[in-house]
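Before any comments, here is the structure.
The values are calculated or read from the model by the stated rules, or taken from the named source; none is laboratory data. Only a predicted model underlies this, so the values are computations on that prediction, with no experimental measurement involved. So basically every Cβ, Gly included, is an ideal-geometry build from the backbone, and we count neighbours across all protein chains shown.
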Amino acid sequence: MQVESRTKGVWARVLAVCGLVSCLVLATVAVHAQSMAGRWAASGPTLDNGEAQKAILEVTQTGEQLKVNVRTPGYASEAKGTAKGNHFEIFGSDAAKPWFVGDLVGTELHIVQDNGDHWVAKAATPADEFPPLPYIDPPALHKVPYNGLAKTPPMGWNSWNLFESKIDDKTVRTMADAMVSNGMRDAGYIYVNIDDTWEGTRDAQGVLHTNHKFPDMKALADYVHSRGLKLGIYSGPGPRTCGGYPASYGHEEQDAKMIAEWGIDYLKYDWCSAGSIYKNEQLQPIYQRMGDALRATGRPIVYSLCEYGMGSVEKWGADVDGNLWRTTGDISDEWTSMIGNVETQIPTAPYAGPGHWNDPDMLEVGNGHMTDDEYRTHMSLWALVAAPLLAGNDIRTMSPVTKSILLNKELIAIDQDALGKQASPVKNGTLETWVKPLADGSVAVGVVNMGSAAAEATVNAKDLGLNAPVKSARDLWSHKAVHFSNGTYKASVPTHGVLLLKVSAQ
């Protein structure tokens with residue numbers, strides 16, 4: 001869900017979220033280059049639930065190098081920065097552009113994030129301390145029975161890639177309407193998933209309420225259901241979500257019952273601040289706790305584990321009643337991110353199948369930072385690896401090309417194939433060939449051109465695992481039959497493009 005990749009762990013995820021207290025922390029750190037070592041209390045923008053973002057920073061300095069221990073209501077981590085005089089700059093994964101900049105102004109640290117948010121830090125006092133969180137022991141391991149859902153990879157739309165924190169009730173309703181009117185629902189996209197920032201605060205009884213952007217979640221679920229769709233929502237096993245809102249730590253059964261009563265059909269459960277309490281070796285029992293809680297509600301709820309591929313989740317995700325699990329960090333709308341995520345899937349292939357899917361993250365198709373050929377490759381690879389197809393663009397205003405990519409029914413059929421096998425690539429120079437067995441005995445073949453110039457792809461029938469000579473072949477992007485000659489088919493593939501075939505044997 002964020003700008004930065006989560007492949008570097010939960011801290012990378014925290015830093016990536018614009019508006020997160022932890023991001024502020026980093027910026028504050030750098031300011032200390034002017035002999036500013038010590039403890040600082042930082043405050044920033046107010047969340048949509050009325051809570052002010054806060055952090056405690058403990059800063060040390062060696063020359064121009066800065067190191068800071070960061071604590072927020074849900075997070076604890078470390079960060080580094082540099083400073084010259086009263087000015088600092090902090091860089092993320094993009095070494096060419098500052099992530100945060102700031103200055104020491106009098107006795108305050110004034111910080112500006114790259115998204116424009118402003119923070120101020122002052123010398124910390126005992127009153128600024130956060131109350132300690134009680135440690136809750138993980139449950140004993142046991143196998144949670146399969147919920148019978150997601151027999152093919154889930155399809156739908158998720159709010160984060162495009163809207164991040166700007167999502168609200170009205171937007172969700174318009175997205176549901178668009179999925180009906182543009183044909184997405186009929187093509188199989190049925191989940192409308194609200195990501196982070198819907199949360200309000202907990203009352204005296206521990207009940208979590210929605211914030212002002214979602215005045216009546218039950219009414220919203222009823223509306224989405226009336227359109228022939230299903231509603232998804234977001235939380236996590238830590239004390240805070242990635243966006244700094246209340247998560248489900250210590251309230252798992254209560255929250256599961258609440259979302260079931262609202263009529264929720266899908267839960268994305270994001271590790272985030274749980275990493276400040278539990279070790280990665282404890283992922284399975286912690287996710288099991290919510291799996292048990294969802295099952296106890298009696299409502300069928302697809303369970304999506306978002307742990308960035310940590311802890312070999314593909315080996316135990318199904319045992320906690322997970323229907324899909326993230327195998328990667330967050331995707332971004334760029335070629336290297338997309339390719340990196342799908343290639344992380346390669347060792348997870350044996351663990352994919354009906355009811356339990358490896359998830360390389362949401363689709364970026366139509367968000368504008370890749371070419372049409374790259375988006376076709378993106379969609380083709382997600383289908384070949386049997387990935388969930390969760391659109392992340394503005395489906396209300398799609399271009400004809402974007403619509404043709406997302407609504408390619410022949411490609412969708414490859415993703416949704418009942419056999420549920422996941423392809424893996426064979427590399428040949430700049431070309432990668434992915435072969436996916438299908439339930440009817442045919443195969444899907446994808447040849448991806450990783451190079452910077454067009455290349456000729458050669459598909460040999462003998463390499464496809466068919467039990468007889470080729471009977472028919474079809475190009476799933478041109479929607480035309482193609483012919484193998486002497487057991488071979490050749491075609492030109494544009495740079496970063498894909499050749500996608502369905503090949504049947506006699």
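Mind checking which residues of the range 467-478 are closer than 17 Å to ALA439 by Cβ and buried (at least 19 other Cβ atoms within 10 Å of the Cβ)? Within the range 467-478, just LEU476 meets the criteria.
The residues of the range 381-425 that are among the acidic types (Asp, Glu) and within 22 Å of the chain's Cα centre (by Cα), listed by number, are ASP394, ASP415.
Looking at TYR278, TYR308, which is the one that is crowded, with 24+ Cβ neighbours inside 10 Å and in the same structural domain as ILE233 (by TED's automatic domain parsing)? Walk me through how you get there before you give the answer.
Values: TYR278 fails: crowded, with 24+ Cβ neighbours inside 10 Å.
None of the others qualify; the one that does is TYR308.
Among VAL112, VAL180, VAL105, which is at negative phi, modelled with pLDDT of 95 or more and not small (Gly, Ala, Ser)? Testing whether each residue is at negative phi, modelled with pLDDT of 95 or more and not small (Gly, Ala, Ser) leaves just VAL180. Taking the condition out of contact with any helix residue (DSSP H, G or I) (no Cβ under 7 Å at 6 or more places or on another chain) and surrounded by fewer than 18 Cβ atoms within 10 Å (Cβ to Cβ), does GLY451 pass? Criteria met by GLY451. Scanning the range 479-506 for residues that are among the hydroxyl-bearing types (Ser, Thr, Tyr), surrounded by 14 or more Cβ atoms within 10 Å (Cβ to Cβ) and over 15 Å from VAL435 (Cβ atoms) turns up just one, THR495.
Report yes if TYR146 is closer than 29 Å to LEU363 by Cβ, of a type outside the set (A, V, I, L, M, F, W, C), surrounded by fewer than 18 Cβ atoms within 10 Å (Cβ to Cβ) and touching a residue at least 40 places away in the same chain (Cβ under 8 Å), otherwise no. Write out each step before concluding.
Details: closer than 29 Å to LEU363 by Cβ: yes; of a type outside the set (A, V, I, L, M, F, W, C): yes; surrounded by fewer than 18 Cβ atoms within 10 Å (Cβ to Cβ): yes; touching a residue at least 40 places away in the same chain (Cβ under 8 Å): yes.
So TYR146 fits the description; yes.
Can GLU410 be described as in contact (Cβ under 8 Å) with a residue 24 or more places away in the chain and part of a strand (DSSP E or B)? Working first, answer last.
Working: in contact (Cβ under 8 Å) with a residue 24 or more places away in the chain: yes; part of a strand (DSSP E or B): no.
It is false that GLU410 is in contact (Cβ under 8 Å) with a residue 24 or more places away in the chain and part of a strand (DSSP E or B).
Restricting attention to the range 201-245 and to residues that are in contact (Cβ under 8 Å) with a residue 60 or more places away in the chain and assigned to a strand (DSSP E or B), the residue that is nearest to ASP270 (Cα to Cα) turns out to be ARG240.
Under the condition of being in a loop (DSSP other than H, G, I, E, B) and among the aliphatic types (A, V, I, L, M), which residue from the range 89-99 is modelled with the highest pLDDT? Step by step, filter the range 89-99, then rank; the result is ALA96. Summed over the range 276-300, the residues that are in contact with a Lys or Arg (Cβ under 9 Å, 6 or more places away or on another chain) and over 21 Å from ILE136 (Cα atoms) give a count of 1. I want to confirm something. Restricting to the range 344-363 and keeping residues that are in contact with a Leu (Cβ under 9 Å, 6 or more places away or on another chain) and outside any loop (DSSP other than H, G, I, E, B), which single residue is surrounded by the fewest Cβ atoms within 10 Å (Cβ to Cβ)? That would be GLY353.
What are the residue pairs meeting all of these: first residue in the range 165-189, first residue farther than 11 Å from VAL224 by Cβ, second residue of a type in the set (Asp, Glu), Cβ atoms under 8 Å, and 6 or more apart or on different chains? Hits for this filter: SER165/ASP48; SER165/ASP196; ILE167/ASP195. For the residues ASN147, ASN49, ASN86, the requirement of being at pLDDT 85 or above, of a type outside the set (Lys, Arg) and closer than 30 Å to LEU419 by Cβ singles out ASN147.
Going by the conditions given, is ARG202 modelled with pLDDT of 95 or more, among the basic types (Lys, Arg) and more than 24 Å from VAL365 (Cα to Cα)? Step through it out loud before you land on a result.
Values: modelled with pLDDT of 95 or more: yes; among the basic types (Lys, Arg): yes; more than 24 Å from VAL365 (Cα to Cα): yes.
Considered against the rule, which asks whether it is modelled with pLDDT of 95 or more, among the basic types (Lys, Arg) and more than 24 Å from VAL365 (Cα to Cα), ARG202 comes out as yes.
Among the residues making up the range 267-324, those that are part of a strand (DSSP E or B) and either closer than 21 Å to HIS251 by Cα or more than 20 Å from the chain's Cα centre (by Cα) (or both) are LEU267, LYS268, TYR269, ASP270, VAL302, TYR303, SER304, LEU305, CYS306.
Out of all the residues in the range 190-200, which are farther than 20 Å from LEU47 by Cβ and touching a residue at least 60 places away in the same chain (Cβ under 8 Å)? Break it down into steps so the answer makes sense when it comes.
To start, the set of residues in the range 190-200 that are farther than 20 Å from LEU47 by Cβ comprises 190-193.
Answer for the range 190-200, where residues must be farther than 20 Å from LEU47 by Cβ and touching a residue at least 60 places away in the same chain (Cβ under 8 Å): TYR191, ASN193.
When the range 46-73 is examined, which residues are found to be under 18 Å from ALA124 (Cα atoms) and under 27 Å from the mean Cα position of the chain (by Cα)? Correct list: ALA52, GLN53, LYS54, ALA55, ASN69, VAL70, ARG71, THR72, PRO73.
Within the bounds of the range 209-227, is there any residue that is in contact with a helix residue (DSSP H, G or I) (Cβ under 6 Å, 6 or more places away or on another chain), crowded, with 22+ Cβ neighbours inside 10 Å and at positive phi? No, because not a single residue in the range 209-227 is in contact with a helix residue (DSSP H, G or I) (Cβ under 6 Å, 6 or more places away or on another chain), crowded, with 22+ Cβ neighbours inside 10 Å and at positive phi.
So, of the residues in the range 413-432 that are aliphatic (A, V, I, L, M) and not in a strand (DSSP E or B), which turns out to be nearest to GLN345 (Cα to Cα)? If you could, list the steps in order and put the result at the bottom.
Keep residues of the range 413-432 that are aliphatic (A, V, I, L, M), which gives 413-414, 418-419, 423, 426, 431.
Now narrow it down to the ones that are not in a strand (DSSP E or B): 413-414, 418-419, 423.
Values: ALA413: 20, ILE414: 17, ALA418: 19, LEU419: 18, ALA423: 9 Å.
Per the criteria, the residue is ALA423.
Residue count for the range 256-296 satisfying the condition of being among the β-branched types (Val, Ile, Thr) and in contact (Cβ under 8 Å) with a residue 60 or more places away in the chain: 2. Per the listing GLY392, GLY298, GLY322, GLY355, the residue uniquely within 26 Å of TRP262 (Cα to Cα), in contact with an Asp or Glu (Cβ under 7 Å, 6 or more places away or on another chain) and not charged (D, E, K, R) is GLY392.
Could you please let me know if THR328 is over 15 Å from MET155 (Cβ atoms) and surrounded by 21 or more Cβ atoms within 10 Å (Cβ to Cβ)? When the stated conditions are applied, THR328 passes them. Being under 18 Å from the mean Cα position of the chain (by Cα) and crowded, with 20+ Cβ neighbours inside 10 Å is a description that does not apply to ALA256.
Among the residues of the range 433-463, which ones are under 16 Å from THR377 (Cβ atoms) and assigned to a loop (DSSP other than H, G, I, E, B)? Listed by number, the residues that qualify are MET450, GLY451, SER452, ALA453, ALA454.
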